[in-house]
Amino acid sequence: MYKTHTCGELRATHANQQVTLAGWVHRRRDHGGVIFLDLRDRYGIVQVTVNPDLSKESLDAVSNVRMEWVLQITGMVQKRPAGMQNPKMQTGEVEVIAQSVKVLNRAKTLPFLVSGENDLPDENTRLKYRYLDLRRERMTHNMILRHQVVKFMRDFLDQYNFVEIETPILFKATPEGARDYLVPSRLYPGQFYALPQSPQQLKQLLMVAGMDRYFQIARCFRDEDLRGDRQPEFTQLDLEMSFVQRDDVLALVEQLYTELISAITPHKRLLSSPWPRFSYREVLERYGTDKPDLRFGMELIDVSDIFAKSDFRVFQSAIEAGGVIKCIVAPGCAEYSRKEVDALTESARALGAKGLATLAVTSEGLKGTAAKFVTPEEAEAVKSKTGAQEGDLILVAADQRAVVNKVLGGLRLIFRDRLDLADPNMLAFGWVVDFPMFAWNEEEGKWDAEHHPFTMPQLDDLPKFETNPGEILSDAYDMVCNGYEMASGSIRIHRSDIQLKVFELLGLRGDEIEQKFGHMLEAFDYGAPPHGGMAPGIDRLVMLLADEPNIREVIAFPKNQTGRDVMADAPSEVEPKQLKELHIQIRE
């Protein structure tokens with residue numbers, strides 16, 4: 001037996017007990033004959049005192065010990081002398097007086113320290129030596145937090161009669177919004193499996209199979225452009241329910257998350273309960289995005305009516321072109337310098353604006369880039385409608401509605417971070433519903449599914465398939481929190497006639513439909529129940545709960561920002577023999 005106790009469990013109640021510990025040397029201090037070692041495992045750190053009267057074998061072993069060597073230590077637990085306790089350590093009331101020390105393994109000099117958060121190397125170095133990076137307390141905490149979150153989900157859903165069912169990783173290539181990762185078949189030359197973007201079809205087929213309530217901690221794969229909260233492979237809580245409507249699904253997931261956060265991260269607070277619900281159109285108009293951060297105000301305000309007859313040419317042009325004039329109010333920013341306003345204008349242009357108008361509310365009236373174009377009556381109307389006070393800065397955008405919403409929504413987030421408007425310990429969950437069913441693809445001249453092609457259209461809108469598909473609303477819903485999309489789901493199509501109608505509108509030919517989805521349509525003809533579900537992202541949830549900036553910090557072995565595994569150096573070339581077996585030839 002390598003150890004009787006963990007390094008983090010020893011307390012004053014263990015005094016006068018002999019223990020055997022095993023772990024890594026976190027820190028070594030030599031005090032003229034007496035050596036102090038901080039021994040660490042994932043449970044914590046304890047101080048070990050090595051006195052000079054120890055056996056020669058143990059003293060020889062300790063003499064060369066350095067940080068991160070792996071040791072086994074047997075000794076007596078004793079309380080530290082009065083005044084020598086360390087309140088920063090959970091084991092700070094005690095120390096272990098070593099009786100024997102054995103070196104289990106030596107360690108080379110590490111490429112970076114794992115004993116703190118300072119002087120960390122760049123991310124690629126951390127990922128190259130991820131097995132060392134994971135020794136750090138913060139990263140260990142993140143992995144344990146992730147385990148706790150997943151365990152809570154499993155236990156909660158088990159109470160509500162959900163069955164955990166694994167679905168295939170090797171499946172069929174289907175259009176679901178991103179590129180597939182393809183896996184060539186050795187036994188079937190020229191044919192490929194696809195790694196699942198999600199278990200979408202399979203969980204629907206489980207509903208046809210009568211499983212009623214399914215869930216899975218599902219691995220998903222998408223070959224898409226990367227960013228801080230996106231990875232080529234990720235994990236989601238995949239769940240599906242039969243004989244439910246939208247509100248049944250939302251109520252269950254809301255209860256799950258509310259109880260989970262209270263149990264796992266009680267220092268986090270929910271902004272509201274029950275969670276607010278918004279239509280897709282409403283969140284775009286109020287926040288400029290379909291994944292709003294609800295922790296602070298600064299909502300977008302439409303002032304088109306105030307400036308409908310403005311002499312300002314910028315405003316006139318926007319109104320004449322069928323656009324809108326909207327603004328946000330940045331509190332306490334009226335004294336921004338010209339340089340600061342110019343920087344905001346550049347940010348607005350980067351978001352798609354042609355420019356940005358500003359109105360600073362001062363004791364002397366309105367100032368700013370648009371002040372000389374605004375009449376006194378318009379100035380009073382704007383202050384009244386926006387609630388702007390002296391010292392505030394009004395930022396005005398005039399353009400097509402979609403552009404204005406995007407620009408002001410982006411500026412809103414810039415001010416959130418600049419002015420510290422959002423409480424980091426607040427979780428502002430909300431639901432977004434009533435999404436459009438289809439989006440027009442201008443480049444390809446066809447309709448695309450806004451979510452995915454298995455989403456049920458709202459039944460009242462079925463006649464619009466023949467008249468105006470752009471007005472069809474879907475029975476889809478998103479969970480949002482603190483500016484992130486946390487989950488997407490929908491009531492699914494369970495009738496083959498409606499599913500066929502959707503496929504045809506998306507431009508799929510009859511032979512394509514049969515080849516890619518024939519198994520789904522056939523299944524629906526064997527008595528498919530009404531069903532719906534959702535797929536909350538686990539990586540993103542743990543990222544928020546751990547206060548991390550991106551999901552790479554809560555995944556054990558992630559890819560870097562360019563999609564490479566720098567630890568194993570993947571993707572990499574393979575032997576010509578393997579390519580030959582798979583009937584693949586690489587062309588330069």
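The values are calculated or read from the model by the stated rules, or taken from the named source; none is laboratory data. The structure displayed is predicted, hence computed values, not measured ones. As a convention, Cβ positions derive from the backbone with ideal geometry for all residues, glycine included, and neighbour counts pool all protein chains shown.
On the given criteria, is Asn482 of a type in the set (S, T, N, Q) and more than 25 Å from Asp248 (Cα to Cα)? Criteria not met by Asn482.
Restricting the first member to segment 216-243 and to residues that are on the phi > 0 side of the Ramachandran plot, and the second to residues that are assigned to a strand (DSSP E or B) and not aromatic (Phe, Trp, Tyr), the beta-carbon pairs closer than 9 Å and six or more apart or on different chains are Phe243/His531.
Being within 21 Å of the chain's Cα centre (by Cα), crowded, with 17+ Cβ neighbours inside 10 Å, among the hydroxyl-bearing types (Ser, Thr, Tyr) and at pLDDT below 95 holds for only one residue in Ser115, Ser198, and it is Ser198. Among the residues making up segment 320-340, those that are under 17 Å from Lys354 (Cβ atoms) and surrounded by 18 or more Cβ atoms within 10 Å (Cβ to Cβ) are Gly323, Val324, Ile325, Lys326, Cys327.
Across segment 366-375, the number of residues qualifying as of a type outside the set (A, V, I, L, M, F, W, C) and surrounded by 15 or more Cβ atoms within 10 Å (Cβ to Cβ) comes to 3.
From the list Thr467, Thr455, which one is more than 26 Å from Leu250 (Cβ to Cβ) and among the β-branched types (Val, Ile, Thr)?
From the options Thr467, Thr455, the qualifying one is Thr467.
Look at (1) within 29 Å of Tyr129 (Cβ to Cβ); (2) surrounded by 12 or more Cβ atoms within 10 Å (Cβ to Cβ) and you find that Asp60 fails only one, number (1).
On the given criteria, is Leu408 surrounded by 16 or more Cβ atoms within 10 Å (Cβ to Cβ), closer than 30 Å to Pro536 by Cα and under 32 Å from the mean Cα position of the chain (by Cα)? For Leu408, the condition - surrounded by 16 or more Cβ atoms within 10 Å (Cβ to Cβ), closer than 30 Å to Pro536 by Cα and under 32 Å from the mean Cα position of the chain (by Cα) - is met.
Screening Met211 with (1) touching a residue at least 40 places away in the same chain (Cβ under 8 Å); (2) assigned to a loop (DSSP other than H, G, I, E, B); (3) closer than 30 Å to Ile584 by Cα gives one miss only, at (3).
Every residue, every condition in (1) part of a helix (DSSP H, G or I); (2) modelled with pLDDT under 95; (3) touching a helix residue (DSSP H, G or I) at 6+ places or on another chain (Cβ under 6 Å), yes or no:
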position: Val244; (1), (2), (3): no, no, no
position: Asp248; (1), (2), (3): yes, no, no
position: Ala251; (1), (2), (3): yes, no, no
position: Leu256; (1), (2), (3): yes, no, yes
position: Glu259; (1), (2), (3): yes, no, no
position: Trp275; (1), (2), (3): no, no, yes
position: Arg281; (1), (2), (3): yes, no, no
position: Arg286; (1), (2), (3): yes, no, no
position: Asp290; (1), (2), (3): no, no, yes
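When you scan segment 228-241, do you find a residue that is assigned to a helix (DSSP H, G or I) and not hydrophobic (A, V, I, L, M, F, W, C), even just one? Scanning segment 228-241 turns up no residue that is assigned to a helix (DSSP H, G or I) and not hydrophobic (A, V, I, L, M, F, W, C).
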